[in-house]
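Encoded as structure tokens, the structure appears first; notes follow it.
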Amino acid sequence: MGNVYSEYLSPSKVKEHYNYTKENLDTTETPSRQVASALIIMLCCAIVVENLLVLIAVARNSKFHSAMYLFLGNLAASDLLAGVAFIANTLLSGSVTLGLTPVQWFAREGSAFITLSASVFSLLAIAIERHVAIAKVKLYGSDKSCRMLLLIAASWLISLVLGGLPILGWNCLGHLEACSTVLPLYAKPYVLCVVTIFSVILSAIVALYIRIYCVVRSSQADVAGPQTLALLKTVTIVLGVFIFCWLPAFSILLLDYACPVRACPVLYQAHYFFAFATLNSLLNPVIYTWRSRDLRREVLRPLQCWRRAAGVQGGRDGTPGHRLLPLRSSSSLERGTHMPTSPTYLEGNTMV
């Protein structure tokens with residue numbers, strides 16, 4: 001067993017694998033690379049801030065301690081950690097990469113895989129919750145809180161296992177011919193496994209939302225007219241953003257599996273595809289807060305407090321007239337999903 005992990009602390013292994021898979025190892029910090037790194041870090045900082053605001057909003061208001069908001073908070077937590085992991089990944093890239101030991105390299109890449117996969121699993125959990133709430137016309141009561149926590153724990157456990165497989169031994173150390181070009185210490189079969197799992201998750205999310213679509217379209221009493229349009233609009237946004245952000249990354253990983261070493265130059269630009277996939281973590285809180293009036297108000301509350309404080313300190317009279325404009329009384333989603341004739345559907349303003 002010791003022989004399997006004997007190379008994990010070797011300072012030359014990372015460079016050896018990069019020399020094998022890359023055409024050149026030019027790690028010079030050019031101005032364009034520095035600008036790109038700065039932009040990525042700024043993007044990740046925005047991800048951290050907005051998801052932190054969502055977490056604070058969910059935690060501080062007991063009104064949001066329901067099934068939908070619990071899953072939403074889990075999504076925000078995974079997206080926040082994804083932003084942190086990608087900042088670390090960016091700072092440890094470039095010229096720093098070749099100075100890493102394999103265990104440090106696995107930790108760098110594994111953290112990004114864990115958090116990004118947790119974000120994807122959170123989207124699946126939300127789709128499952130929506131299917132239960134819409135198709136089954138049931139709510140999660142207090143007696144089902146254990147089930148919700150188990151679902152969240154399972155998503156993180158699977159993510160930890162998935163991201164930790166390479167450091168546990170599923171890698172290509174000692175087998176250069178089996179190495180990925182995009183991730184030179186990862187074995188190609190592992191890359192294919194990850195892409196397959198994510199593709200299955202995407203298919204499951206699509207299937208669940210198609211099922212919801214069918215239920216909404218077939219309903220005549222409880223769900224009609226505006227309700228159908230509102231739900232279909234949300235489904236379109238969620239699926240469209242997910243596919244738009246992740247499809248390029250999935251494609252580049254599939255190409256990585258299929259291409260022989262140094263045969264596909266586009267693989268050397270894969271970091272741009274992963275940076276683009278990270279946009280999903282930026283857009284998720286925007287989508288869900290936009291579609292929920294109450295959550296939007298709670299998320300904006302710190303900004304309102306700051307605006308009022310600035311008005312008092314820097315304004316001429318510090319009167320309430322310097323407040324932010326009030327939010328609309330109801331969003332299109334809430335108008336389309338609030339159904340007073342069917343109590344089992346009432347969840348405040350949580351429909352997404």
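Filtered by the rule that a residue be in contact (Cβ under 8 Å) with a residue 12 or more places away in the chain and surrounded by fewer than 21 Cβ atoms within 10 Å (Cβ to Cβ), region 54-66 gives Leu55, Ile56, Ala59, Arg60, Asn61, Lys63, Ser66. Of all residues in region 50-73, those satisfying the criterion of being of a type in the set (Ser, Thr, Tyr) and assigned to a helix (DSSP H, G or I) are Ser62, Tyr69. Of all residue pairs spaced 6 or more apart or on separate chains, those with beta-carbon atoms under 7 Å, a first member in region 151-176 that is touching a residue at least 24 places away in the same chain (Cβ under 8 Å) and over 30 Å from Val132 (Cβ atoms) and a second member that is surrounded by 15 or more Cβ atoms within 10 Å (Cβ to Cβ) and of a type in the set (Ser, Thr, Tyr) are Leu165/Tyr190; Pro166/Tyr186; Pro166/Tyr190; Asn171/Tyr186; Cys172/Tyr186; Leu176/Tyr20. Screening region 38-56 for residues that are touching a Ser or Thr at 6+ places or on another chain (Cβ under 8 Å) and of a type outside the set (S, T, N, Q) and picking the one that is farthest from Ala275 (Cα to Cα) gives Val54. Among the residues of region 229-284, those that are modelled with pLDDT of 80 or more, open to solvent by less than 20 Å² (accessible area, probe 1.4 Å) and polar (S, T, N, Q) comprise Thr278, Asn280, Ser281, Asn284.
Name, by its number, the condition in (1) open to solvent by 40 Å² or more (accessible area, probe 1.4 Å); (2) in contact with a Pro (Cβ under 9 Å, 6 or more places away or on another chain); (3) under 30 Å from Leu185 (Cα atoms) that does not hold for Leu75. The failed condition is (1).
Within region 96-133, the residues that satisfy the criterion of being more than 16 Å from Phe86 (Cα to Cα), open to solvent by 20 Å² or more (accessible area, probe 1.4 Å), touching a residue at least 24 places away in the same chain (Cβ under 8 Å) and not polar (S, T, N, Q) are Leu98, Gly99, Val103, Phe121, Leu124, Ile128, His131. On inspection, Leu173 qualifies as assigned to a loop (DSSP other than H, G, I, E, B) and surrounded by 20 or more Cβ atoms within 10 Å (Cβ to Cβ).
The values are calculated or read from the model by the stated rules, or taken from the named source; none is laboratory data. Here the structure is a predicted model, which is why all the values come from computation and not from measurement. Neighbour counts run over all protein chains shown; Cβ positions are idealised from the backbone, glycine included. Ligands, DNA and RNA are excluded from the accessible area calculation, which covers all protein heavy atoms including side chains. Shrake-Rupley method; radii C 1.70, N 1.55, O 1.52, S 1.80 Å.
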